[in-house]
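Engineer: Take a look at this one; I'll ask things after.
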Amino acid sequence: NKEDNQRFTDDDISMLRTLASQAAVAIENARLFQQSDFIAELVHELRNPLVALKASTTLLLRPDLPEEKHDDIVETMRFETDRLIGLTDDFLNVARLESGRVQLEIAAFPLYKLLTESVQIIHQHAADKQIDVVIEPNDYVVEADRGKIKQVLINLLSNAAKYNRPGGQIIVAAHAIHDLDSEEDFAQIDVTDTGYGIPREHQKHMFQKFFRVPNTEKLERGTGLGLTICKGIVEAHSGRIWLKSEEGQGSTFSFTLPLII
Ligand code: ADP
């Protein structure tokens with residue numbers, strides 16, 4: 001009857017308890033599995049520059065090494081050390097974002113100035129490949145953690161330069177959008193390049209940890225963590241990040257930020 005239906009028996013309760021503890025074990029296993037996957041990748045990625053550094057030091061210590069080879073070897077060591085620093089910074093950033101330990105320092109600031117500062121940082125890289133960078137002017141004021149959004153922009157811009165063809169273009173533009181669900185205004189920032197583009201079948205994996213489009217490794221060095229970091233930062237601001245790309249034509253990476261004016 002009705003009353004019995006509303007009451008749990010001791011057996012029901014003990015069954016629920018068992019189910020709940022089984023679910024807790026399954027979640028913990030999934031979490032540990034993901035973590036150990038991350039650690040395995042991390043160790044693998046760190047090993048390559050370390051092996052290169054060890055080989056360089058062994059060479060440098062050889063008594064029969066001709067003097068004129070020294071500079072080249074030291075240059076390789078500098079390059080590999082930079083790579084190690086870049087890798088450890090990326091890993092730390094991903095780990096912090098994943099654990100939810102990122103503290104945002106939110107303030108209002110003019111977007112255009114941040115766009116020009118970020119472009120300045122990748123300017124030399126773009127110039128080396130004769131890539132033209134255009135920033136469309138705007139007067140928006142956004143509310144965000146300026147330093148972290150700068151990191152997002154630098155990641156997107158350096159990808160737009162890295163995966164562009166020589167003599168290509170990068171266009172940075174912003175416009176206001178109104179989100180009907182939340183009734184809030186956002187600035188949408190688009191970073192467009194005229195590079196290799198991303199094959200359709202890989203597009204949905206772009207923001208996953210360590211994902212790199214196959215064969216990219218042969219063209220450019222990287223960790224496959226930059227876009228994961230971008231997504232973590234943008235989502236911590238309640239924004240969205242996505243891409244549109246046409247293989248052989250180029251890509252546009254877009255993200256949103258809360259807009260004030
Ligand atoms: P990384 O550049 O260190 O490999 P990212 O997470 O920034 O890591 O990018 C992941 C992969 O996505 C890159 O390896 C590259 O294959 C692809 N990618 C990123 N940005 C672009 C772009 N603008 N055009 C083409 N491919 C891109």
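Engineer: For the range 192-205, which positions are touching a strand residue (DSSP E or B) at 6+ places or on another chain (Cβ under 6 Å) and near the ligand (Cβ under 8 Å from one of its atoms)?
Structural biologist: ASP193, GLY195, GLY197, ILE198
Engineer: So, in the range 209-261, of the ones that are more than 15 Å from ILE189 (Cα to Cα) and of a type in the set (Gly, Ala, Ser), which residue ends up farthest from the ligand (Cβ to nearest atom)?
Structural biologist: Only one residue fits best here, namely ALA236.
Engineer: Give the residue that is farthest from ALA144 (Cα to Cα), with candidates limited to residues of the range 185-223 that are surrounded by fewer than 16 Cβ atoms within 10 Å (Cβ to Cβ) and polar (S, T, N, Q).
Structural biologist: So, considering only residues that are surrounded by fewer than 16 Cβ atoms within 10 Å (Cβ to Cβ) and polar (S, T, N, Q), the one farthest from ALA144 (Cα to Cα) is ASN215.
Engineer: In the range 215-261, what count of residues is obtained for those that are over 23 Å from GLU98 (Cβ atoms), assigned to a loop (DSSP other than H, G, I, E, B) and either in contact with a strand residue (DSSP E or B) (Cβ under 6 Å, 6 or more places away or on another chain) or without any contact (Cβ under 8 Å) to a residue 60 or more places away in the chain (or both)?
Structural biologist: Final tally of qualifying residues: 7.
Engineer: SER182 versus (1) surrounded by fewer than 16 Cβ atoms within 10 Å (Cβ to Cβ); (2) closer than 25 Å to GLY100 by Cβ; (3) touching a helix residue (DSSP H, G or I) at 6+ places or on another chain (Cβ under 8 Å): which is the lone unmet condition?
Structural biologist: Condition (3) is where SER182 drops out.
Engineer: Which residues, counting only those in the range 186-210, are acidic (Asp, Glu) and under 23 Å from ALA126 (Cβ atoms)?
Structural biologist: Selection gives ASP190, ASP193.
Engineer: Additional query: Tell me which helices (runs of 4 or more DSSP H) are completely within the range 1-116 and hold 3 or more residues being at pLDDT 80 or above, or say none if there are none.
Structural biologist: In the range 1-116, the matching helices (runs of 4 or more DSSP H) lie at 10-60, 70-99.
Engineer: Follow-up question, since we're still on this one. How many of the residues making up the range 84-137 are surrounded by 12 or more Cβ atoms within 10 Å (Cβ to Cβ), small (Gly, Ala, Ser), without any contact (Cβ under 8 Å) to a residue 60 or more places away in the chain and farther than 28 Å from LYS209 by Cα?
Structural biologist: So the count comes out to 1.
Engineer: Take the residues in the range 144-161 that are within 18 Å of GLU235 (Cβ to Cβ) and not hydrophobic (A, V, I, L, M, F, W, C), then tell me which one is nearest to the ligand (Cβ to nearest atom).
Structural biologist: Out of the qualifying residues, it is ASN155.
The values are calculated or read from the model by the stated rules, or taken from the named source; none is laboratory data. Note that the coordinates shown come from a computational prediction; the quantities given were computed from them, not determined experimentally. So basically every Cβ, Gly included, is an ideal-geometry build from the backbone, and we count neighbours across all protein chains shown.
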